[in-house]
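Scroll down for the structure; my scribbles are underneath it.
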Amino acid sequence: MKQSPSFRKRACILLLLGVAMMYFYSGFQSDHLNVLTPYYLKLGWTTTAVTNPVTWAGFAIIPATFLVGTLLLMFGVPKVLVPSAVIEGLSVILLAFAGQNKVVYNISLFCVRLFVLPLQMGGFMLCTNWFVKMRGRALGIVTLGSPLCTATFIPILSKVTTLFGFRTAYTIAGTGVLILAVLIAVFIRSTPEETGLHPDGANYAYAGDEETIKMSVKDVFCRKESWLLIVSYGLLQFCIVAVMSFYVVRLTMTGTQPALYFSCLSAAAVLGIPISCLFGIIDDKFGTVKASFVLCATFLLSLAGLLLMKKNDTPMLILTAVGLAGVTGGTPTLHPSITSYVFGRARYQAANRWLMTVQAVIMAFAVYFMSVVLDKTGSLAAAYKIMMVLVLVSVLCLVVLGRTSDYDRS
């Protein structure tokens, strides 16, 4: 980047908008449910009634993931992200005005969950297209939008809802997404080659850039590495959606004061910002698989903290905060990086559209899983125990995956 001022300028803008993409993706994928669910529970709705549209959207995301990946390959990032962000913003605003109308509520929340997907996929594709040697650090910067969202989005949305009402809070949030759509249209290009540049600001093309980006379903699924990726990060994504969607619900059930658990969440998010970059550095210096082992350890910390949590339990709140910092800071950073680790920059999206489609099947059950456990047992303890086992399965998959070498960096 030091050798190319033109690349540095474009890359900085891309990274800043990438942070915004991840911010809104995290906010409307699951985080906002911590405001939405308590609001509708007070109106007499059941947990499953509130979250059903998210569950339905989770299943719709399965084919949508492949479709979005294919569209990104065919038309490039801006032409997919701009209309998706516009629909997302309008859906959030529609949700603000849904009230007790279940038809409007279900349609708007379904669209909110569905059309936020391209923000993540497009942001990841931009990082893997524009960076190779600095892939981890670039993803670490972009994905700090996730812990930044956790630190600010829920508290701000909650505060605005309390002061000015649910409708005003969601209308403002939806408007923010519409503004992001305009900025993407103006400043984003899919690859550095479209602007006459090369990845990392280098003055040469990377080996492998001339390869075809076409990969059939057979090309992807006949490789054991694909299944190791699907299982390991599919389970980790399942856990992060389940944990973040019911964080407030779990802490409320323990009798912990809101001031304490929001402070814990804010501390985790603030700590997650530098941790996101730290995971990127570990990735670039020591390898993506080793960084993934560290990530799994943070999952176990967060799950242990939530499982053992008692009323106003400061030690467990600290343990949970440290774990969540790694979870929210590391998962989005390493997920696209490990796909590039296996398939390389030129084939990333061609393979990723298939992999994420299957991973979406796993993720689709996360909110439903938590809702059913809560409704059936009146507790979430069993859910956290099951997820700890799932994380250990991910570790085993990563051990096997570590026997392969990094496609581009090698």
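Since every read-out is calculated from the coordinates, none of them should be taken as a lab result. In this text, all values refer to a predicted model and were calculated from it rather than measured experimentally. Positions of Cβ are generated from backbone atoms using ideal geometry, with glycine treated the same way; all protein chains shown enter the neighbour counts.
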Exposed-loop cut sites defined as trypsin sites (Lys or Arg not before Pro) in DSSP loop states with at most 13 other Cβ within 10 angstrom; longest site-free run of the chain spans 3-213
With the label point 7 Å along the Cα-to-beta-carbon line of residue 361 and a cut-off under 16 Å to each amide N, the hits in region 56-78 are 58-67
For the chain the mean separation of alpha carbon contacts under 8 Å (6+ apart) over residue count, i.e. relative contact order in percent, is 27
Taking the alpha-carbon centre of each part, the distance from region 92-166 to region 36-69 in Å is 14
Here the FRET efficiency for residue 8 versus residue 216, based on Cβ atoms and R0 = 45 Å and rounded to 0.05, is 0.75
Residue-normalised 222 nm signal for the chain, counting each DSSP H run of n ≥ 4 as -39,500 (n - 2.57), nearest 500 deg cm²/dmol, is -26500 deg cm²/dmol
In the neighbourhood of residue 110 defined by beta carbon distances under 14 Å, the net charge of the other residues (Lys, Arg +1; Asp, Glu -1) is +1
The size of the Cβ-based charge dipole (Lys, Arg +1; Asp, Glu -1) of the chain about the Cα centre, to the nearest 20 debye, is 280
Diffing region 64-78: the Karplus 3J(HN,Hα) column from phi (6.51, -1.76, 1.60, θ = phi - 60°), in whole Hz with x for Gly and Pro, holds 5, 4, 5, 4, 4, x, 5, 5, 4, 5, 6, 10, x, 5, x
Per the rule of 0.36 nm per residue minus the C-alpha distance, extending residue 195 to residue 106 adds in nm 27.8 nm
Here the net charge surrounding residue 329, from other residues whose Cβ is less than 15 Å away from its Cβ (Lys, Arg +1; Asp, Glu -1), is -1
Honestly region 250-307 on the Cα gyration tensor test (a ≥ b ≥ c root eigenvalues; a/c under 1.5 rounded, otherwise a/b vs b/c for prolate or oblate) is just oblate
Semi-axes a, b, c in Å (a largest) for region 32-131, each sqrt of 5 times a Cα gyration tensor eigenvalue, come to 29, 13, 12
Length gained if residue 152 through residue 376 is fully extended, taking 0.36 nm per residue and subtracting the Cα-Cα distance, is 77.4 nm
Reviewing (i) 1.83; (ii) 0.93; (iii) 1.00, the figure for Cα Rg over 2.2 N^0.38 Å actually calculated from this model sits under (ii)
Here the relative contact order (percent) of region 61-126, from C-alpha pairs under 8 Å and at least 6 apart, is 42
Once the in-chain neighbours fewer than 8 apart are removed, the lysines whose Cα is under 24 Å from residue 311 read 42, 159, 376, 385
Once Lys and Arg are counted +1 and Asp and Glu -1 for all other residues with Cβ under 14 Å from that of residue 33, the total becomes +1
